[in-house]
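Have a look at the structure below, then the notes.
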Amino acid sequence: MNRRDLLGMAGGVALAPLLGPVWAARADEAPQRLVVVMLRGAVDGLNVVVPYGEQAYYDARPTIAIQKPGADNGALPLDGHFALHPALAALLPLWNDGKLAFIHAAGSPDPSRSHFDAQQFIENGTPGHATTPDGWMNRVLAALPGPRTPTDALSVGPTLPFILKGSVAVANLPLGPKAAQPMAIDQPQVASAFDKLYAGNDRQSLAYRQGREARTELIADMSTEEQMADAGAPPADALPAMADHLAGLMTKDRHLRLAFVSLGGWDTHVNQGNHAGQLANRLKPLGDGLAELAQKLGPDWNDTVIVVISEFGRTVHENGNAGTDHGHGNVIWVLGGKVNGGKIYGEWPGLATAQLYQGRDLAVTTDYRHPLAQILERHMRLNNAAMAKIFPGMPAPRGNLGQILAA
């Protein structure tokens, strides 16, 4: 049996550590954590954070607009101009406590309305440049001080996303009942062959042994956790279930610094709905899951920042199918114990026809990299030299974004 045969039987475990040591010892100083939630498909930011103070919003959306605060099924007021979709009511306490902020009219400066291209530019950190070989979160991981461990970064999902691809190994965790599903590498004969093949001190051997250790420990811990749950782990595609598991991992593994979760189903071309319907049905578990994650992190919430982002926004005007099409500007969400929340950040361009991007979309006035850069500098404590590698070629900010995070 040769190396290629073994790699095929193991599903690639030797080349990419899959799962991390969950019960790592706690350090004296709590780690600074960043969790990124990617809403794939382009969520409608105008119905997430509703500009109810503009009549143009209601003129453009006769059937899908969220009614003003105070009306039946109306939006939840944030300030005198913006309000929150009622399906996100679980997040309102975080807003009121100053732990949730939004950056409106934010997004990629690249004009692409292709899901594939726009997601790639969000993930590689170089809008307009498709040849960047790695993701910006992997570059963050490389810039963080300290020795590497298998669970410095964690991707929640069945495959490793581009945002975490790069030179540093990343743990990949499919949550739910399949998380601890037996693999070929769990068979004693296969494991023994791998152990002999990767017994050296080269990079692949070290990565293999990290992955084996990580998977063994996580499977043991998941087995205990699933026995405590009702009929095993919840479905992997429900964020509340993901949040429950992710919070458990983050509170127990002090090495874990970065985590990434992606959720699909936001491409609402048809029958988007308003306070109820397709979009609302996706927003409610998202809001509930984020609120649960914040609550279950306990004291670790104070050292965690969660960013929710999508590849682009949607058209200001609803289409003939009671939905919205691919747009440009969107809203970025920032949650965390040290967030200067209860505020809408960024420069609001307005929704009058003359103010729209290409006459149809909310304009982008905040490059998505600028709030991320502020978080990385102030929260993850990365210096200018590191930032130049993480977001190469990033232009100077437009206007004053404000201090999203406390010092």
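The values are calculated or read from the model by the stated rules, or taken from the named source; none is laboratory data. Since the structure is predicted, the reported quantities are computational estimates derived from the model, not experimental observations. We place every Cβ from the backbone using ideal geometry, glycine too, and count neighbours over all the protein chains shown.
Of everything in region 133-170 that's of a type in the set (G, A, S), assigned to a loop (DSSP other than H, G, I, E, B) and under 15 Å from the mean Cα position of the chain (by Cα), which residue is nearest to K389 (Cα to Cα)? The selected residue is G135.
The residues on offer are A241, A280, A214, and the sole one that is surrounded by 18 or more Cβ atoms within 10 Å (Cβ to Cβ) and at pLDDT 90 or above is A280.
With respect to (1) within 16 Å of H104 (Cβ to Cβ); (2) crowded, with 22+ Cβ neighbours inside 10 Å, the lone exception for G342 is condition (2).
I'm trying to understand the selection: among the residues of region 92-111, which are under 26 Å from Q403 (Cβ atoms) and part of a loop (DSSP other than H, G, I, E, B)? Working first, answer last.
Taking region 92-111 first, the residues under 26 Å from Q403 (Cβ atoms) are 92-109.
Result: D97, G98, K99, S108, P109.
Got a sec? Which of A71, A89 is aliphatic (A, V, I, L, M), assigned to a loop (DSSP other than H, G, I, E, B), at pLDDT 95 or above and surrounded by fewer than 19 Cβ atoms within 10 Å (Cβ to Cβ)? So that I can check it myself, show each step before the final result.
Working: A89 fails: assigned to a loop (DSSP other than H, G, I, E, B).
Exactly one of A71, A89 is aliphatic (A, V, I, L, M), assigned to a loop (DSSP other than H, G, I, E, B), at pLDDT 95 or above and surrounded by fewer than 19 Cβ atoms within 10 Å (Cβ to Cβ), namely A71.
Per-residue answers, yes or no, for (1) touching a residue at least 24 places away in the same chain (Cβ under 8 Å); (2) of a type in the set (D, E); (3) surrounded by fewer than 22 Cβ atoms within 10 Å (Cβ to Cβ); (4) closer than 27 Å to T315 by Cα:
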position	(1), (2), (3), (4)
M250	yes, no, no, no
D253	yes, yes, no, no
L256	yes, no, no, no
S262	yes, no, yes, yes
G265	yes, no, yes, yes
T268	yes, no, no, yes
Q272	yes, no, no, yes
P285	yes, no, yes, yes
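Counting residues that are surrounded by fewer than 16 Cβ atoms within 10 Å (Cβ to Cβ) and at pLDDT 90 or above, which helices (runs of 4 or more DSSP H) fully inside region 1-62 reach at least 2? Lay out the reasoning, then the answer.
Details: elements: 3-10, 45-48, 55-60.
Per the criteria, 55-60.
A386 fulfils the conditions (1) among the small types (G, A, S); (2) modelled with pLDDT under 95; (3) within 23 Å of H129 (Cα to Cα) except for a single criterion, (2). The requirement of being within 19 Å of I309 (Cα to Cα), within 21 Å of the chain's Cα centre (by Cα) and surrounded by 19 or more Cβ atoms within 10 Å (Cβ to Cβ) is fulfilled somewhere in region 349-364, by at least one residue.
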